[in-house]
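The values are calculated or read from the model by the stated rules, or taken from the named source; none is laboratory data. Quick caveat: nothing in here was measured; it's all calculated off a predicted structure. Because the Cβ atoms are built from the backbone with ideal geometry, glycine has one as well, and the counts that use them run over all protein chains shown. Areas reflect the complete protein model, heavy atoms only, side chains present, ligands, DNA and RNA absent. Shrake-Rupley method; radii C 1.70, N 1.55, O 1.52, S 1.80 Å.
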Amino acid sequence: MYPDVVFLGLTLYEWCLLLGIIVALIVARVYADRLNVPAKLQNFTFIVAIFAIVLGLGSAVLFQATYDFFETGVFEIGKNTGATFYGGFLGGAAVFLIGYFLIGKKLFGDLPMRYCKQVTGFAACGVAAAHGIGRIGCFLAGCCYGAKTNAWYGIYLPAVDAKVVPTQLYEAIFLFLLFAVLSVLLLKTRVGCLGVYLSAYALFRFLIEFLRDDDRGSLVGNALSPSQFWAIALFLAGIALIAIPLFREIRKRKQK
């Protein structure tokens with residue numbers, strides 16, 4: 001929408017990206033204190049998170065370049081190469097989990113595992129909040145837009161010279177609502193919410209992809225977008241994270 005507007009050397013999209021990261025770290029710090037996560041584990045977690053964020057941003061670009069290669073046969077990473085959320089999420093999550101569990105175990109023994117539910121919970125909350133702000137950035141940049149429409153809810157997009165479905169704003173609203181739900185689950189009920197985040201966002205993302213009209217690449221014989229493919233995988237992972245503890249609890253109750 002306003003991709004050429006620059007303030008203090010950064011575009012509006014970049015400002016939203018930076019704000020999202022700051023908000024995610026603030027959410028994590030505040031929630032970690034509320035959940036009584038030990039200070040030394042908090043500090044270690046934030047160091048790992050910063051590495052995960054930086055490498056995740058690189059992973060987002062790498063994934064997009066790979067999708068472009070599948071579509072065009074040319075692999076190129078440059079200033080015009082886009083970025084994809086799931087690419088950044090998967091890369092960042094891999095770095096975070098390896099650092100938190102493997103390095104954390106060497107430094108703190110079983111402490112990272114004991115606070116696994118709390119840490120993954122406030123991480124999920126932070127990611128949801130940051131992603132929502134990031135989608136506002138997408139709206140301001142004029143990317144990730146929906147199909148053309150003449151309906152009242154359409155918003156004129158100069159890049160395509162037409163009114164489009166504002167999928168970025170729909171997704172931002174959903175993510176802020178998801179952040180609120182996850183926060184209640186984590187802080188009020190102490191329920192592990194990583195599985196809820198994965199499954200809820202994956203389902204939403206799979207469905208909203210049908211409203212998108214920007215070039216996102218394709219997989220499975222053009223039947224699915226790359227994001228829909230990853231949405232299916234992460235939805236199943238989220239359901240597993242929800243179901244396994246429930247089955248364990250049911251088994252414990254039967255044994256009593």
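Just to be sure, is GLY142 on the phi < 0 side of the Ramachandran plot and surrounded by 17 or more Cβ atoms within 10 Å (Cβ to Cβ)? No. Scanning segment 124-139 for residues that are within 18 Å of PHE46 (Cβ to Cβ) and open to solvent by 30 Å² or more (accessible area, probe 1.4 Å) yields one hit, VAL127. Name the helices (runs of 4 or more DSSP H) wholly inside segment 92-147 in which the number of residues that are more than 19 Å from ASN36 (Cβ to Cβ) and among the hydrophobic types (A, V, I, L, M, F, W, C) is 2 or more. Of the helices (runs of 4 or more DSSP H) lying wholly inside segment 92-147, those with at least 2 residues that are more than 19 Å from ASN36 (Cβ to Cβ) and among the hydrophobic types (A, V, I, L, M, F, W, C) span 116-141. Scan segment 42-63 for residues that are in contact with a Lys or Arg (Cβ under 9 Å, 6 or more places away or on another chain) and either closer than 16 Å to PHE89 by Cβ or hydrophobic (A, V, I, L, M, F, W, C) (or both) and the total you get is 1. Residues that are open to solvent by 40 Å² or more (accessible area, probe 1.4 Å) and farther than 21 Å from GLY137 by Cα within segment 20-41 comprise ARG29, VAL30, ASP33, ARG34, ASN36, ALA39, LYS40, listed in sequence order. Close contacts from segment 148-169, counting a first residue that is assigned to a loop (DSSP other than H, G, I, E, B) and a second that is not β-branched (Val, Ile, Thr), with Cβ to Cβ under 6 Å and a gap of 6+ residues or different chains, come to THR149/LYS163; GLY154/LYS163; ALA159/GLY142; VAL165/GLY146; VAL165/ALA147; VAL165/LEU211.
Applying the condition of being of a type in the set (Phe, Trp, Tyr) and either open to solvent by less than 70 Å² (accessible area, probe 1.4 Å) or under 22 Å from the mean Cα position of the chain (by Cα) (or both) to segment 5-19 and asking which residue is farthest from THR84 (Cα to Cα) yields TRP15.
For first residues located in segment 244-256 and more than 16 Å from GLY195 (Cα to Cα), partners that are outside any helix (DSSP H, G or I) and at pLDDT 75 or above and lie 6+ apart or on another chain with Cβ distances below 7 Å do not occur.
Looking only at residues that are open to solvent by 30 Å² or more (accessible area, probe 1.4 Å) and aromatic (Phe, Trp, Tyr) in segment 61-83, which one is nearest to the chain's Cα centre (by Cα)? If we take residues in segment 61-83 being open to solvent by 30 Å² or more (accessible area, probe 1.4 Å) and aromatic (Phe, Trp, Tyr), then PHE63 is nearest to the chain's Cα centre (by Cα). Scanning segment 48-75 for residues that are touching a residue at least 40 places away in the same chain (Cβ under 8 Å) and of a type in the set (A, V, I, L, M, F, W, C), we see that the one that is farthest from GLY20 (Cα to Cα) is PHE70.
Name the residue, out of TYR115, TYR100, TYR86, that is modelled with pLDDT under 90, open to solvent by less than 80 Å² (accessible area, probe 1.4 Å) and among the aromatic types (Phe, Trp, Tyr).
TYR86
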